[in-house]
Amino acid sequence: MYAEKFLPQVIQWRRQIHSHPELSQHEENTSALVANVLEGLGLEVRSNVGGFGVVGLLRGNEAGKTIALRADMDALPLNEETGLPYASQTQGVMHACGHDTHTAMLLGAACALSEMRDKLRGNVKFIFQPAEELNPVGGAPGMIRDGVLESPNVDGTLALHVWPAFETGKIAIRTGSCMAASDRVYITVKGKTAHGSRPDQGNDAILAAAHVITGLQGIISRNVSPLDSAVITIGTIHGGYRYNVIPDNVRLEGTVRTLNPNVQEIMPAMIERVANGITAAYGASCEVEYVKGYPPLVNDAGMSALACEAVSKIYHDAVIVADEPDLAAEDFAFFARERPAAMAWLGCRPSNLEAGNAPMLHNTRFAPDEGCFALGIDYFVGSALEFLK
């Protein structure tokens, strides 16, 4: 086990970051902490990469390939309700997606690998990324534009995400489609206002919008192959002025999740066709704005197999080969489009909790089990060593 020596420090870093969370594009103090640790390890450090991103380069004693290990650093705009002694001290901001744990575990991996530099054949890049939660933009594209995958060229990359669906002590890895594309859709339905007692004198935007919402589900059931997973969810509805007034304007906002890039491509046209047709049938009209976000995350077969093998050498029964992808999204997908990559789901659910009783990601009570840290660190370290052999 590579992690054991560094676990107390990793827990301390995690709790410090958790107590002082920072939103996307505001990770100034977190990135400063990361840079300070990496510099103390003697790594070549670049700060302000793609925003508040930090990159540490560990050069091995011999020439060879370069692997990149990535963690994200940003928090969410939520009020923490965990009751933890190290809970957020910043009102309205919380590490509810586990990025504090990712950062701390990758720092632990940097500590372990830096002690092995004389035996390394190749290089390890430690990528600490800002703004993962900033969908549809994300923080990965900015780091890529700033050359994080170059100088030296990265040959493969790995990441992990704490995942309460799995219990502590397990890590799930799958080949192929792993997580979904995440797009945004905005639909503005335009009608004609009238008094609530005389609906015949107007065109009810609320009624038209309601039928648009139900009609969109027909795209999934009748235009997408049953073998392809896709979701259209309308998350917000804004419209109306008063209980007895028919409004002339309703705005819908939602998310579209797809695993197949071909399905992602056809979604904008299908949504526009359905929305225009339904609103016209009710004497109204609409405007559709479709914004593409994160692409699907596809795990490379070779990188997935390598990670499974590396972890299995240390923990004989920890690896789960995940049967299904998840329709959550991750901007690590941008890295995976550029280089062979794999993301693992690290179990973080305490053994005394059933899967249905553990607070999930983006929940104000989300509290991943710190007992998962050793496996997470060893996943990074073991996989890096296997890759550079």
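Quick notes on this one:
- Check on residue 349, farther than 20 Å from residue 376 by Cα, buried (at least 17 other Cβ atoms within 10 Å of the Cβ), touching a residue at least 24 places away in the same chain (Cβ under 8 Å) and touching a strand residue (DSSP E or B) at 6+ places or on another chain (Cβ under 9 Å): no
- Flag for residue 220 being more than 21 Å from residue 181 (Cα to Cα) and of a type outside the set (Gly, Ala, Ser): no
- Reported count of residues in the range 223-259, each being more than 13 Å from residue 186 (Cα to Cα), free of Cβ contacts under 8 Å to residues at least 40 places away in the same chain and not hydroxyl-bearing (Ser, Thr, Tyr), is 7.
- Filtering the range 241-280 to residues that are of a type in the set (D, E, K, R) and either assigned to a helix (DSSP H, G or I) or in the same structural domain as residue 330 (by TED's automatic domain parsing) (or both) leaves 265, 272, 273.
- Test: residue in the range 1-19 that is surrounded by 19 or more Cβ atoms within 10 Å (Cβ to Cβ), in a helix (DSSP H, G or I), assigned by TED's automatic domain parsing to the domain that holds residue 358 and basic (Lys, Arg): yes
- Of the residues 148, 137, the single one that is farther than 19 Å from residue 343 by Cα, of a type in the set (A, V, I, L, M, F, W, C), within 21 Å of the chain's Cα centre (by Cα) and assigned to a loop (DSSP other than H, G, I, E, B) is 137.
- Residues considered: 206, 171, 271. Of these, the only one that is over 18 Å from residue 327 (Cβ atoms), modelled with pLDDT of 95 or more and surrounded by 19 or more Cβ atoms within 10 Å (Cβ to Cβ) is 171.
- Whenever a residue of the range 376-387 is assigned by TED's automatic domain parsing to the domain that holds residue 103 and within 10 Å of residue 106 (Cβ to Cβ), its partners that are among the small types (Gly, Ala, Ser) and not in a helix (DSSP H, G or I), lying with C-beta atoms within less than 7 angstrom and at least six residues away or across chains, give the pairs 377/3.
- Enumeration of residues in the range 59-83 that are over 24 Å from the mean Cα position of the chain (by Cα) and touching a residue at least 24 places away in the same chain (Cβ under 8 Å): 59, 60, 61, 62, 63, 64, 65
- Of the residues making up the range 132-153, those that are touching a helix residue (DSSP H, G or I) at 6+ places or on another chain (Cβ under 7 Å) and of a type in the set (Val, Ile, Thr) number 1.
- Residue match in the range 293-302 (condition: within 20 Å of residue 216 (Cβ to Cβ), outside any loop (DSSP other than H, G, I, E, B) and not acidic (Asp, Glu)): yes
- Scanning the range 341-381 for residues that are of a type in the set (Gly, Ala, Ser), touching a Ser or Thr at 6+ places or on another chain (Cβ under 6 Å) and within 26 Å of residue 134 (Cα to Cα) yields 341, 342, 347, 367.
The values are calculated or read from the model by the stated rules, or taken from the named source; none is laboratory data. Everything quoted here is computed from the prediction, not taken from an experiment. Reconstructed Cβ throughout: ideal geometry from the backbone, glycine too, with neighbour counts over all protein chains shown.
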